[in-house]
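Scroll down for the structure; my scribbles are underneath it.
Throughout, read-outs are computed from the coordinates displayed, never taken from laboratory work. Fair warning: this is a prediction, and the values are worked out from it, not measured in the lab. Cβ: placed from backbone, ideal geometry, glycine included. Neighbour counts: every protein chain shown.
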Amino acid sequence: STATLIEKEDTHNITFDDVAGLDEAELEVKEIVDFLKNPGTFTRLGAKIPKGVMLVGPPGTGKTLLARAVAGEAQVPFFTISGSEFVEMFVGVGASRVRDLFKNAKEKAPCIIFIDEIDAIGRSRSRNAFFTGANDERESTLNQLLTEMDGFETNAGVIVLAATNRADMLDPALLRPGRFDRHIYLELPNLKEREAIFTVHMRPLVLDKTVDKHFLAAQTPGFSGADIANICNEAALIAARGKKAQIGTTDFLEAIDRIVAGLEKKSKIISLQE
Ligand code: ATP
């Protein structure tokens, strides 16, 4: 809903402890945390703090989570806005939302602005010439975003993080120096990383002794962090429905089955649409 378009979230309880299997990406965003915490250390030497950082990776790999963790680690406000919601708006509304967002953020600096699904507004302008109405809106929103990015000082203490699954689709204007000129890539987790993600999501769960993270990680190749979070919650629901005192391996296997069935259904729908 549009009411949640610009949201200031409380991320103070989200930290790097909640993020697993993204060591390299974490290392890169740690620098942003340092900028936000101690800007003087950098500006004293004449260093320019980046304004925009693009998080690139498949759905569910933790882009939003990582952005929230940056705000949580730095203890700064977190403003979010989702690109896909602009497409449904009347012409001019998107641009004014972007203006409001940056105005709010600058008042609360140091802070993070997070733009999810930036591809929805930042898609290459030559494409999608069919939907002219939606395109006008997209273009005015994108232009406003570019204006805002160029408008604030490099060291104003506002860092804009954006997420996309498709960096190749983005308007090159977004990627120019001083805008989103830094890219951080997130990949689907490998075996070891999936095990680490299971560890994070099993923390609050009551498990029996049969549960083996390594085994479950081996059963879930190609799964994203979001899929694994889903499995853990689904397993807990299954065990609860069965009135069990603890969650066991069979609950996890049933949960994996369900998630796989859901993923298959989704990919069928996607292939029907194409
Ligand atoms: P999308 O592109 O679909 O918006 P995303 O990359 O932003 O996805 P998130 O929304 O961050 O993915 O992930 C959804 C949820 O999945 C997180 O809130 C978290 O519970 C879990 N998750 C995803 N990746 C990880 C990870 N690396 N470590 C721990 N949990 C993860």
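Things to note:
- Average Cα contact separation per residue, the chain, under 8 Å, 6 or more apart, as relative contact order %: 23
- Mean residue ellipticity (222 nm) of the chain, computed from DSSP H runs ≥ 4 via -39,500 (n - 2.57), nearest 500: -15500 deg cm²/dmol
- When only Cα pairs below 8 angstrom with a gap of at least 6 residues are kept, the stretch 98-210 shows a relative contact order of 35 percent.
- Cut-off under 5 Å, modelled amide H: who pairs with VAL53 long-range: VAL160, LEU161, ALA162
- Amide H contacts under 5 Å for ILE247, placed H, 5+ residues apart: VAL206, LEU207, ASP208
- With 0.36 nm allotted per residue and the present C-alpha distance subtracted, the ASP257-ASP17 stretch has 83.6 nm of extension available.
- Sites matching trypsin sites (Lys or Arg not before Pro) across the stretch 196-274 that sit in DSSP coil, with at most 16 neighbouring C-beta atoms within 10 Å: LYS209, LYS243, LYS244
- This model, with +1 at the C-beta of Lys and Arg and -1 at the C-beta of Asp and Glu, gives the stretch 120-266 a dipole about its Cα centre of some 360 debye.
- Dipole check for the chain: with +1 at the C-beta of Lys and Arg, -1 at the C-beta of Asp and Glu, and the Cα centre as origin, the magnitude is about 200 Debye.
- Sum of side-chain charges, GLY52 neighbourhood, beta-carbon under 11 Å (Lys, Arg +1; Asp, Glu -1): +1
- Inter-label distance for ARG241 and ASP34, nm, one decimal - labels placed 7 Å from Cα along Cα-to-Cβ: 4.9
- Database remark: amide H of LEU186 closer than 5 angstrom to the amide H of VAL56, GLY57 (H placed geometrically; neighbours at sequence offset of 5 or more, or on other chains; Pro and chain starts carry no H).
- Whole-Hz ³J(HN,Hα) from phi, Karplus 6.51 cos²θ - 1.76 cosθ + 1.60, for the stretch 56-64, glycine and proline x: 10, x, x, x, x, 8, x, 5, 5
- With the charge dipole of the chain set up from +1 on Lys and Arg Cβ and -1 on Asp and Glu Cβ about the Cα centre, the Cα lying farthest toward the positive end among the listed residues CYS111, GLY262, PRO204 is that of CYS111.
- Karplus 3J(HN,Hα) series, Hz, for the stretch 149-165 with 6.51 cos²θ - 1.76 cosθ + 1.60 (x for Gly, Pro): 4, 6, x, 9, 5, 4, 9, 6, x, 9, 10, 9, 9, 10, 10, 8, 8
- Restraint check, LYS108/LYS266; LYS213/LYS243; LYS51/LYS268; LYS48/LYS106, Cα-Cα greater than 29 Å: LYS108/LYS266; LYS51/LYS268
- Karplus (6.51, -1.76, 1.60) ³J(HN,Hα), θ = phi - 60°, over the stretch 171-179, in Hz, Gly and Pro reported as x: 4, x, 4, 5, 9, 5, x, x, 10
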